[in-house]
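This report refers to the structure that appears directly beneath it.
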Amino acid sequence: MTDYPVDLATKPDVQAFFDEQTNTISYIVKDPDSNSCAIIDSVMDIDYAAGRITFDHADELIRQIQARELNLEWIIETHVHADHLSAAPYIQERLGGKIGVGSKITVIQDVFGKIFNEGTEFQRDGSQFDALFEDGNIYKIGNMNCFTIYTPGHTPACMVHVMGDAAFVGDTLFMPDGGSARCDFPGGSAEELYDSIMKVLSLPDETRLFMCHDYGPNGRDIKWETTVADEKAHNIHVGGGKSKEDFVKFRTERDAQLAMPKLIIPSLQVNMRAGEVPKDEAGNPVLKVPVNGL
C-alpha cells in the first residue's frame, strides 16, 4: 500500500477483552495524545436457549472507560457479525459516541431483510448507524488519524480500521496458526477474501494486527495480536507466498465442511440493525427463526 494516511509513530493504547462464549475479542483503543477512545466489536451476551439477553461484557467495557475517565467517540463494527451480537446501542446510551460500519451494510440489510421476511418498516439504507465508512475514509479519534480499508470476502461489508500503528482486521484474518475466515455466507467470496488479505499485508511490516476472534488452535492459549510481517511469513492459509488459486481451492473445500455458527440467526437480525433487537407489533423484543432460510 503506497498511501498510508496515518503516522506509524502513533502508538495507540489497545486494551483487549475476550468473550469466552463467542471467542470474540473486543477492544478499547485510546488516542495516546488525549483521553479520546473507540470501542471495536463489542459483545452483547445472549442465552439463546432461554431467550435472555444480558450485558456483562459491555458493562466491563463501560466500567473501564469510566475508570480511566476516557471520552468515547466511536463504537466501530468491523462487519456484520454472524457469531455474536453487538452491544453498540447499549454502550452508546451510557457513554455516547458514534456507531460506525462499512457502507456495504446496505447489501447485508437487503439480503437478510428478505431471509428474515422483514417488513417495509425495516430500513435497508444503513440509517440505523451514525456513520457509513467507504474505502479510504479518514476519521479521527481525538488527535489520532484513522483510516478504513474495504476488505470484502468474509462478508460484503467487511472493513479494516487502521489507527496509528494498529489495524483492527475483523474476520479478514486470524492469527497465523488460525489462517482465515470462512467465505460461504451470502455475498462471501474466497477470491475477494484473498485480495482483501493482500491489501492488509501490504501495510508496513511493523503494523500491529488485532484479531476479532481466536479459537486457540491445537490447544494454545488465546491470542489476538500479531504483525503484518508475522502474517506474511507464517499464516497457514496465505503466508509464505501461497497463491490465490491454492487459497481459493482450500477455502472453498474447507467451508463446505463447516456448520453454521450457533448464534447466526439472532446475530444477523440484531447486527444489521446496529445492535438493536427487533420488536413485534406490541413493541416486545423478539427474534425470528427462518426455516431452511440459510
Exercise. Which of (1) more than 15 Å from the chain's Cα centre (by Cα); (2) of a type in the set (Asp, Glu); (3) assigned to a loop (DSSP other than H, G, I, E, B) is the odd one out, the single condition Glu191 does not satisfy?
Worked result: (3)
Exercise. Within the bounds of segment 212-230, is there any residue that is part of a helix (DSSP H, G or I), within 30 Å of Gly100 (Cα to Cα) and touching a helix residue (DSSP H, G or I) at 6+ places or on another chain (Cβ under 6 Å)?
Worked result: no
Exercise. Would you pick out the residues in segment 162-177 that are more than 14 Å from the chain's Cα centre (by Cα), crowded, with 20+ Cβ neighbours inside 10 Å and either modelled with pLDDT under 95 or in a loop (DSSP other than H, G, I, E, B) (or both)?
Worked result: Gly164, Met175, Pro176
Seminar exercise, completed: Thr227 fails exactly one of (1) closer than 17 Å to Ala16 by Cα; (2) among the β-branched types (Val, Ile, Thr); (3) surrounded by fewer than 23 Cβ atoms within 10 Å (Cβ to Cβ); (4) within 15 Å of the chain's Cα centre (by Cα), namely (4)
For this session: With the condition kept exactly as written, say whether any residue in segment 9-19 is more than 13 Å from Ser86 (Cα to Cα), over 18 Å from the mean Cα position of the chain (by Cα) and surrounded by fewer than 13 Cβ atoms within 10 Å (Cβ to Cβ).
Result: yes
Exercise. Residues that are of a type outside the set (Gly, Ala, Ser) and either touching a Phe, Trp or Tyr at 6+ places or on another chain (Cβ under 6 Å) or buried (at least 20 other Cβ atoms within 10 Å of the Cβ) (or both): which strands (runs of 3 or more DSSP E) entirely in segment 69-141 hold 2 or more of them?
Worked result: 71-76, 98-102, 138-141
For this session: For Asp41, indicate whether it is loosely packed, with under 13 Cβ neighbours inside 10 Å and within 14 Å of Phe17 (Cβ to Cβ).
Result: no
For this session: Just need a number here: residues in segment 215-249 that are over 24 Å from Glu191 (Cβ atoms), among the polar types (S, T, N, Q) and free of Cβ contacts under 8 Å to residues at least 24 places away in the same chain.
Result: 1
Problem set entry | Hits in segment 20-31 (condition: surrounded by 14 or more Cβ atoms within 10 Å (Cβ to Cβ) and not small (Gly, Ala, Ser)) | Gln21, Thr22, Asn23, Thr24, Ile25, Tyr27, Ile28, Val29, Lys30, Asp31
For this session: Please name all residue pairs, on different chains or six or more residues apart, with Cβ atoms under 6 Å, provided the first residue is in segment 266-281 and is in contact (Cβ under 8 Å) with a residue 60 or more places away in the chain and buried (at least 22 other Cβ atoms within 10 Å of the Cβ) and the second residue is in a helix (DSSP H, G or I) and not hydroxyl-bearing (Ser, Thr, Tyr).
Result: Leu268/Phe112; Met272/Ile108; Met272/Gln109; Met272/Phe112; Ala274/Ala88; Gly275/Ala88; Gly275/Pro89
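The values are calculated or read from the model by the stated rules, or taken from the named source; none is laboratory data. Keep in mind the model is a prediction, meaning the values are calculated, not measured. Glycine also receives a Cβ, built like all others from the backbone with ideal geometry; neighbour counts cover every protein chain displayed.
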